Structure formats: structure tokens, C-alpha cells
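Here is the structure we will look at.
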Amino acid sequence: MFKALAAITALLLATAALLTGNGLQGTLLAVRADLEGFDSSLIGVMMAAYFGGFIVGCRINPVLIKSAGHIRAFVALASIASASTLIHPLFVDWIAWSILRGITGFCIAGMIMIIESWLNERATNAERGRLLSVYRIVDLLATMVGNALIATASPLGFELFAITSIMISIALVPVALTRTPAPQPIKTAKLDLGKIYRLSPAAAIVAPVIGLANGAFWAIGPVYAGRLGYPEAIIGAFMSTTILGAAILQWPVGWISDKIDRRIVLALSAVGASLAAFGLSRYGTNSVFLLLSLGALYGAFAMSLTGLTAAHANDHAEPETAVATSGSVLLLNGVGSILGSIAGGLVLSFFTAPAVFVYVSVMMAVVAMLCFIRIIIQPPPGVDMKSPFTPLPRSASPAVFEIGEEQEEDDLVEGDNATAATTP
């Protein structure tokens, strides 16, 4: 295991630096936009641009990477992302920030795809699953640290933008200096709505609704905490504890879903997320303890839903289509996140801050209702037909599923070999 980790240390360091900067930037821009007096609906549009850029990047960046090579593409994308961060305080305007946010999403998508494809190439068959877990831990810790960094300086100043730019630039170093051979070309992520609906109506319908809820949370969550009067340190802690909650519960939830009807786990997790969101709308103002505790509960239940949905879709898919199926679910979730960010901004514009989490609670209740309806209509697949749950990093690209697919294929091969060895 240690030898395998040593082989990907540079990639993990690049991931940590990149996601620390990205985590800080998302929270910083939401808080700064609110302090600058941007209309709430425009904040939602600006934050939605990131998800739009990310989706476009998942489709276009594979062509760029194939043409320029992994290292050159990573250097170019990181340089653009770093520069765009520094432009924000120079042009404090919602249109300029929306364009820059879209550019950032595009660049982050490409860099994440490169890192994930490299991890897939470097991971040995025996250690693949554990290395994916390490990658997930690095993602969570880096994003938590990034959100916490908002307390180190005033959001109205230049310092936090500079820190974000520095972290993205640092991510360049391990990749630019690596002598590891480049991995195979990355496949372009495809979104086949008809096919994914035929495979799993539940996944096709639920994935964008999850995005409608979580997109609003990531876009407007920092603004919600700020509107309640909490200082920047508490805003950062609120976003970080949400990620901590996701880290604690994602693996147990995934393990349970591998044993029983996955839609039951999806529905119950959505119920938990709905209740936590409603609690935030009612009691988030009461105390810091309640704000952070309910935020952690929301993250614990809500952040595993996309991974559960992708796993459920793959329960009905052919093994050779696993990456395409999971990628389609991820892109559907991204489309929902775009609309959710806009919807969250509109809710905040017309109502009070707590109303945002009433909206989120309703969306999660819809997810639960849809899952229960599908449970009644369609029986679950057999346990032997189920694909393993893959814990998703928050900023995952469709390339992350290639790691999980390789692990599943290895398990199947080992199972076949064991069967052959014991068959007379």
C-alpha cells in the first residue's frame, strides 16, 4: 500500500492544492458578492456559471488533452484558472464574475479529469479501491481547509483571492515536474438521456433533482450564513462541517446500499437531508452549535446521494457501459446544479435567507417521494447484479468512474478465478 501511495504522491499533492484553492474560491465569491450588494438572483446566476463551465469542460477538455498532452494541458488550464482568480477583484461586476466563474469551472474540470485519469493509470489492481478512498479523503480534507481559510482575511480585500491563486499555481508544480508516463487519452463524457432513462428511470429523474437541492446549497449556503449575521469564520466552519458530515457517513451509507435495495437507502438519505435542511431553516439562527450540527447532518445525508444514484443506474447497466452510465448521471446532476444555483438565488431574492433551506428541504422530499414511487412500481435487482458503490469526490469528473470500473472488473476476474479453482 505504501509503495502504491508513493507512486501517486505527486498527484495527491496537486489534488490537495487545487481543491484547497477551489474550495476557498467558491465560498469567497458568494460571500464577497453579497457584501458588494449583488442582487441575490444574480449571485445564483454567477455561481451557476461554474457548474455550466464544468459540464462544458467535461465534454471539450478530452479533445484538448489529446491534442496537447496531459502535462501541457494541465499547465495551461491551471495558469488560466489562477489568472482568472486574480481578475475578480479588478472587475467587481456580476457579468464579469459569471464569465470568470464559467472559465474556472471549465479549467477545474480539465485538471480534475487529468488527475483522475492519471490515478487510474498509476493505481495497481490490488490497491485500486483503497487508493480511490485515499483520493476521496484528500478531496474532503482539502475542501474543508479551503473553506476554513476564509477566516484568515477580509473577503473585501485582495488577500484571499491571492491565496486561491497561489494554491492553484502550486498544483502545477508536482504535475509539471513529474516524469511519470502520460496515461491513455481521456474519453469524452457523453449524455444520453434516452438510454439512461431506459436503464433506470429512478436515476434519470432523481439525479437532476438532487442537483437542484445541492446546487442551491453550494451556491447560496455561504450567503445564507452571512445573512443570518454570522462572521466569516463561522461561514467557513459551516461549509466545512457539511463536508465533514459527508466524510463520516458516505462509506457506511454506500456499504448498506450494496446489501439492500439501493432506492430505500436513497429515499431514507433524502428524508434525512430534507429534515436537516428544514432544521436549518427554522433553527439555524438560534446558535452556532445548531447551525454547524444541522449543516453536518445535511452533508452526511445529502452528499452521498449522487454516488448512490450512479450505483443504482449501474445496477441495471451492462458492465462495459459503467463509465458512460455513471458519467451521464454525473452530468445530469450538473445540469440540476446549474438550475438549483439559479433557483436558490431567486428564492433568496424574494424571501428571507431561511427560505433557501425550505426550498432545499422540499427538493430533497421530492427525491424521497420519487424513490418510494419507483420502489412500489419496480422490484429491485438481485444482489448478485449490483455494482459496488463508489464514493464520489465533490469535484469529481466522469473520469473518476474509470477507477471504480477497473476495481469492479478486477473483483469479477478474481471471483471467476476462484470459481474455476474450486470447480471439479
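Yes or no: residue 290 modelled with pLDDT of 90 or more, in a helix (DSSP H, G or I), more than 17 Å from the chain's Cα centre (by Cα) and surrounded by 20 or more Cβ atoms within 10 Å (Cβ to Cβ)? No, not satisfied. Do we find a residue being under 15 Å from the mean Cα position of the chain (by Cα), at negative phi and not in a helix (DSSP H, G or I) anywhere in region 301-315? Among the residues of region 301-315, at least one is under 15 Å from the mean Cα position of the chain (by Cα), at negative phi and not in a helix (DSSP H, G or I), which makes the answer yes. Which of (1) touching a His at 6+ places or on another chain (Cβ under 6 Å); (2) outside any helix (DSSP H, G or I) does residue 156 not meet, given it meets every other one? Condition (1) is where residue 156 drops out. In the set (1) open to solvent by 70 Å² or more (accessible area, probe 1.4 Å); (2) modelled with pLDDT under 85; (3) not acidic (Asp, Glu), residue 120 fails one condition alone, (1). Is it true that residue 19 is open to solvent by 10 Å² or more (accessible area, probe 1.4 Å), within 28 Å of residue 152 (Cα to Cα) and either in a helix (DSSP H, G or I) or modelled with pLDDT under 95 (or both)? It is false that residue 19 is open to solvent by 10 Å² or more (accessible area, probe 1.4 Å), within 28 Å of residue 152 (Cα to Cα) and either in a helix (DSSP H, G or I) or modelled with pLDDT under 95 (or both). The set of residues in region 257-271 being under 20 Å from residue 200 (Cα atoms) and either of a type outside the set (Gly, Ala, Ser) or modelled with pLDDT under 80 (or both) consists of 257, 258, 259, 260, 261, 262, 263, 264, 265, 266, 268. When you look at residue 346, is it assigned to a helix (DSSP H, G or I), at pLDDT 70 or above and surrounded by fewer than 24 Cβ atoms within 10 Å (Cβ to Cβ), yes or no? Answer is yes for this residue. Residues that are part of a helix (DSSP H, G or I), among the aliphatic types (A, V, I, L, M) and free of Cβ contacts under 8 Å to residues at least 12 places away in the same chain are absent from region 128-146.
Yes/no per residue for (1) buried (at least 24 other Cβ atoms within 10 Å of the Cβ); (2) at pLDDT 85 or above:
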{"site": "36", "(1), (2)": "no, yes"}
{"site": "45", "(1), (2)": "no, yes"}
{"site": "50", "(1), (2)": "yes, yes"}
{"site": "102", "(1), (2)": "no, yes"}
{"site": "126", "(1), (2)": "no, no"}
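Here residue 221 meets the list (1) within 20 Å of residue 23 (Cβ to Cβ); (2) of a type outside the set (Lys, Arg); (3) not in a helix (DSSP H, G or I) almost entirely, failing just condition (3).
The values are calculated or read from the model by the stated rules, or taken from the named source; none is laboratory data. Just so you know, these numbers come straight off a predicted model, no measurement behind them. All Cβ positions, glycine included, derive from the backbone under ideal geometry; neighbour counts span all protein chains shown. These accessible areas exclude ligands, DNA and RNA; they are computed on the full protein's heavy atoms, side chains included. Shrake-Rupley method; radii C 1.70, N 1.55, O 1.52, S 1.80 Å.
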